[in-house]
Amino acid sequence: MKSGILKNRYYLYLTEFFSGMAVMAVELGASRLLAPYFSSSQIVWTIIIGTIMIAMALGNVFGGKWADKESDPSKLFTRIMIASVWTALIPLFGKYVIVAITGVMIVTVSTWLLVWAAFAACMLIFVFPLFLLGTVTPSLIKYSVSDLGESGRISGKLGACNTIGSIIGTFIPTFVTIPAVGTAVTFLIFAGILFILSAIYFIAEKRGRARSVISAVVLILCCIFGHDPDFAFWEDGLTYEGESVYNYLQVRDTQNATYLSTNVMFGVQSVRMKNEGLTGMYYDYALAAPVMAGVFDDDENADILILGMGTGTYATQLKKYMPHANITGVEIDDKITDLSHKYFALPESIPTVTYDGRAYLNSDDRKYDVIMVDAYQDITIPFQMSSAEFFTLVKDHLKDDGVMVMNMNMHSDGNETDDITLYLSETVSSVFDDTVTVDVSYTTNRELFACMGGDLKQSLENNMSEVTDPELYGMLEVTNANLKDGLKGDHIFTDDKAPVELLGMRTIDTIIQGEVGQYKEVFKEKGLKGLIEAL
């Protein structure tokens, strides 16, 4: 027999509604919690969705069994309350668990490091609370149905409430809470909703006082100590740390430079040198592109487009060495554009359009002397900006002597068939007449230059004599001396088939194993104690 608040079916419908909302909010929060460490690639999303579906399926199975055996509804609402507390603890402890798992995986796993680390993190952090929430629907069906003749109608209403809650739980974190208050507070908000949901039951039934008080205290402590977005908790003195719709964002200021990172584990995305000189990074090599295209410091008719503006490192350099060129940047993340003016001194005279790079080309009818392709989604180039169809679009937007320059951020010294830059190079070569590449010293970056109907090496050699700035001329000499012919072959990315995340993960494996190989050997020979001593 139902008693008390459970006689009110609207409360049961609300329980189903907010449980469904919380599941989707936790799923989206999971992607943002993992992204700064493992990227937000399709592979990571697959892991998140897969593990959450496992948790929900198990929750449905066990929830059904428990619903048949349980006569005390307080057990269901205790599970909801435990799920709320666990969810609240995620922003406080989740990042430490992720870093610990990654550290263990680095010395124990040889392949698919990020895949296994992301899977383990999901299993440890997210499966348990979502398993508990998966038990909600079977129990609510039991408490809602009093007549078998209405079981279908009630089950349908509960399913609809869950679905509508899930829909709202998808949009609110993405468009409201995460951009406004961050991932950590988003977890806390939905943990609070689950707590209130279960606390209403215990208050109405005048029971469970101790568990409610303990849960409330834990939630309050989590709100006090777990609301900061300090994903890189080992970093001291960060100038800025925050989130946008697309990225985790970190600005770090040093004596010589200011850096932007969108991932706490993989490199630097933009830099501003305080002496306004060369960066020592791939941007310097990319300065060969306008020279190849015949753009010089006094050229007022030069048009340059940057797809993947970031904070404007390349644009700022171009403005220094080609001050009269017309430069346009395209950046999908408007928060990065805001940071570019606040911390990176991007001149207001250089316009930045908030748009996807490929979509921008589709809507733009202008032609350019140089198009820089430097759009990255964490660690890999977006698939839609890596295909032969995309590079054909770039080619169509170049002037007759125009040059495309592309940053490829991960080349390895391992098996070439697993190197994403091999595929990118051969894809570009299938579209353009001439391609050349140059490896960036002391990094895993490789710059690719491409044009139609010309000879890029010869153009650079012929035009270098027009360059008057000694610093730029020296950089061009380095680039010219290390240029290699682009690769040609059958490894072609298309809109239909461009497994950039898969190849990117393989390349990362190779790079990481090269970096930590000595520590793995120490771990194998001397165990954990020896590894700690080596570190």
With the first residue restricted to the stretch 46-57 and required to be free of Cβ contacts under 8 Å to residues at least 24 places away in the same chain and on the phi < 0 side of the Ramachandran plot, and the second required to be of a type outside the set (A, V, I, L, M, F, W, C) and in a helix (DSSP H, G or I), Cβ contacts under 7 Å at 6 or more apart or on different chains are none
The number of residues in the stretch 160-183 that are at pLDDT below 90 and closer than 21 Å to Asn8 by Cβ is 0
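A quick yes/no check of all residues on (1) crowded, with 20+ Cβ neighbours inside 10 Å; (2) out of contact with any Phe, Trp or Tyr (no Cβ under 9 Å at 6 or more places or on another chain); (3) closer than 20 Å to Ile196 by Cβ:
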site	(1), (2), (3)
Leu33	yes, no, no
Val44	yes, no, no
Val85	yes, no, yes
Phe128	no, no, no
Scanning the stretch 451-487 for residues that are free of Cβ contacts under 8 Å to residues at least 40 places away in the same chain and either over 37 Å from the mean Cα position of the chain (by Cα) or closer than 23 Å to Ser430 by Cα (or both) gives Asp455, Lys457, Gln458, Glu461, Asn462, Ser465, Pro470
Of the conditions (1) free of Cβ contacts under 8 Å to residues at least 24 places away in the same chain; (2) buried (at least 20 other Cβ atoms within 10 Å of the Cβ), the single one that Phe77 does not satisfy is (1)
With criteria (1) out of contact with any strand residue (DSSP E or B) (no Cβ under 9 Å at 6 or more places or on another chain); (2) modelled with pLDDT of 90 or more, Cys451 comes up short on (1)
Over the stretch 138-158, the set of residues free of Cβ contacts under 8 Å to residues at least 12 places away in the same chain and either part of a helix (DSSP H, G or I) or aliphatic (A, V, I, L, M) (or both) is Val145, Leu148, Gly149, Glu150, Ser151, Gly152, Arg153, Gly156
Listed by first then second residue, the pairs whose first member lies in the stretch 177-190 and is at positive phi, whose partner is not hydrophobic (A, V, I, L, M, F, W, C), with beta carbons under 9 Å and at least 6 positions apart or on separate chains, are Gly182/Arg32; Gly182/Pro91; Gly182/His227; Gly182/Asp228; Gly182/Pro229; Gly182/Gly242; Gly182/Glu243
Per the filter on the stretch 95-127, residues within 29 Å of Ser84 (Cα to Cα) and of a type in the set (S, T, N, Q) are Thr102
>> Any residue that is over 24 Å from Asp68 (Cα atoms), of a type outside the set (Asp, Glu) and either modelled with pLDDT under 90 or surrounded by fewer than 19 Cβ atoms within 10 Å (Cβ to Cβ) (or both) - is there at least one of those in the stretch 134-155?
In response: no
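The values are calculated or read from the model by the stated rules, or taken from the named source; none is laboratory data. On a predicted model such as this, the values are computed, not experimentally measured, just so you know. Positions of Cβ are backbone-derived with ideal geometry, glycine not excepted, and every protein chain shown enters the neighbour counts.
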